[in-house]
Amino acid sequence: MAITGCSGGGGNGGDSGVAPSISSLSYYPTYAYVNDGGGQIEVNGTVSFVDPDGDVSTVTLRVRDSTGQAVVNEVIPVIGAGGITSGTLNAQILISTVVADNYTVQVFVTDASGHQSNQLEGGFRITDFPWVTKTPMQTPRLKFSAATVNGLIYVMGGGDALSGVTPKPPMTTVEIYNPANDTWSTGAAMPLAVSEAMSAVVNGKIYVIGGKPDLNPASNAVQEYDPVANSWSLKTTMPDSRYAAAAMAYNNLIYIAGGTGTGTELDSLLIYDPTADSWSAGSQMSQARHGQSGAEVNAQLLVYGGYNLSGYLGTLESYNPLQDTWTTKTSGMPRTEVGVAVDSGLFYAFGGNNALSRTLDSSAMYDSVTDTWTSKTAMPVAIGFARAVTVNGKIYVFDSTATLEYTPANDGM
């Protein structure tokens, strides 16, 4: 395939014995998923050159796999570059997408006298698609709690999605997902039926806190689950009743931020110590919200999204447990009931719903070090009430009828 364009200053040509040089290698795309484009995709690139002789003749493009083997080796003639001493070369090559690997792109030019330029290199990744659909849970339900202990994921309570009434009756059902073999089993039922409860893990035990019971507007119950004994017990209740709050565990304490009590969104922070089975209060968030989600990232507690009287929220707040202070961070997409999880110190947000599109398939990543959001590959299906859990470098996103496995390391976006 020939170079499609060349521009720059002119010259008289001739052989001065000086090798050309290249810089500013750029190409797109820089990644692909296995079998994208039906097995191969076109990659378009440019490189700047300087050639005192004005006789650039060819561009050599090589693509090597992770073993060093050349899988592409093209020598492309340069068209229309005679007498041009500097400019930009443009080319396209086809790259196979059949095999996942980390590839190296290598480029150099040669003039008519055989003088070779310096070589520039760049990366190109081909990965499996980051989303895989897994076996759905056995009991369809909405607004449940999810937590992980020892590589297993526990889905607890929620509203019966098959019920013909609204609001959906809360359940005591516990189901256990094993990511290693993509199977579900049943755990001991909770003592109290709740939906929209908060959950967190401390010292290998799961705490399901608050929620929305069948007859009362909100619960203050604390239900402790021991996965080893497959048994539940009740602990000291919260100082107040609430549901749809954010729950985060850090340093053997559980932090419950916001939520709804008796019909009003809350900005308060409650702190539960499972060892002492006691409660205390922390400083208030900058705004009241419910339906938000939260997670601990790099010793900070992040609370994102939700809803209040002003509408759907995209705001993100960071709580410092040691200083008992809140800091406002860069906002993300406004949404509520978003599934959040953490992998490799990065905060991921999936699905949820908002005023413009009730159910979302969007995915995003927040980097707390740079305080920036990045869009990621969308989910295969939209999930309006998402719950997310990380196990062994993969994130599992659940709703009433779907189990999705997401591999952050495969996401080229």
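The values are calculated or read from the model by the stated rules, or taken from the named source; none is laboratory data. Just so it is clear, the structure is predicted and the values come from calculations on it, not from any experiment. Cβ placement follows ideal geometry from the backbone for every residue including glycine, while neighbour counts extend to all protein chains displayed. These area figures cover heavy atoms from the full protein model, side chains too; ligands, DNA and RNA do not enter into them. Shrake-Rupley method; radii C 1.70, N 1.55, O 1.52, S 1.80 Å.
Values as computed for the structure displayed
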{"item": "Cα-projected label distance for V132 with A189, points at 7 Å along beta-carbon direction, nm", "result": "3.4 nm"}
{"item": "For the chain, average projected area of the Cα convex hull in nm²", "result": "24.3 nm²"}
{"item": "Fluctuation leader among L120, L269, L253 - the chain, Gaussian network, Cα springs under 10 angstrom", "result": "L120"}
{"item": "Surface accessible to a 1.4 Å probe, per residue, for the residues of the chain, Å²", "result": "41 Å²"}
{"item": "Mean Cβ neighbour count within 10 Å, used as a protection proxy, ranking 316-326, 50-60 highest first", "result": "50-60, 316-326"}
{"item": "Inter-centroid distance (Cα atoms) of segment 40-60 relative to segment 255-322, Å", "result": "55 Å"}
{"item": "Fraction of beta bridges assigned by DSSP in the chain that are antiparallel (%, nearest 5)", "result": "100 percent"}
{"item": "Cross-link reach list, aspartates and glutamates versus K205, counting only Cα pairs under 12 Å and skipping chain neighbours closer than eight places", "result": "E224, D226"}
{"item": "At 0.890 mPa s and 25 °C, Stokes D of segment 254-390 from Kirkwood alpha-carbon radius, µm² per second", "result": "162 µm²/s"}
{"item": "Cα gyration tensor category, rounded, prolate or oblate, for segment 155-266 with a/c compared to 1.5", "result": "oblate"}
{"item": "Pairs from K134/K168; K235/K376; K134/K235; K235/K394; K168/K235 whose Cα-Cα separation, in the structure shown, is over 30 Å", "result": "K235/K376; K134/K235; K235/K394"}
{"item": "Ranking by accessible area, most exposed first, for S368, S344 with a 1.4 Å probe", "result": "S344, S368"}
{"item": "Largest to smallest accessible area among S278, S310 [probe 1.4 Å]", "result": "S310, S278"}
{"item": "Gaussian network model of the chain, Cα within-10 Å springs - most flexible of T67, T88, T139", "result": "T67"}
{"item": "Accessible carbon and sulfur surface of the chain relative to its total accessible area, %, 1.4 Å", "result": "50 percent"}
{"item": "D411, D214, ranked by accessible area, largest first (probe 1.4 Å)", "result": "D214, D411"}
{"item": "Leading residue at positive end of dipole, segment 50-123 (Cβ point charges), from F108, P52, V72", "result": "V72"}
{"item": "Mean Cβ neighbour count within 10 Å, used as a protection proxy, ranking 282-295, 17-30 highest first", "result": "282-295, 17-30"}
{"item": "Candidate aspartates and glutamates for bridging to K329, where Cα separation is under 18 Å - those fewer than 8 sequence places away on the same chain excluded", "result": "D267, E296, E317, D367, D371"}
{"item": "Computed accessible area, M333, all protein chains, 1.4 angstrom probe, square angstrom", "result": "80 Å²"}
{"item": "Cα-derived Rg over Rh, computed across segment 47-177 with Rh taken as Kirkwood radius", "result": "1.42"}
{"item": "Exposure of T166 as accessible area (Å², to 10), given a probe of 1.4 Å and all protein chains", "result": "130 Å²"}
{"item": "Where labels lie 7 Å past Cα in the beta-carbon direction, separation of S331 and S231 in nm", "result": "5.0 nm"}
{"item": "For segment 196-336, alpha-carbon Rg and Dmax in angstrom", "result": "14.4, 45"}
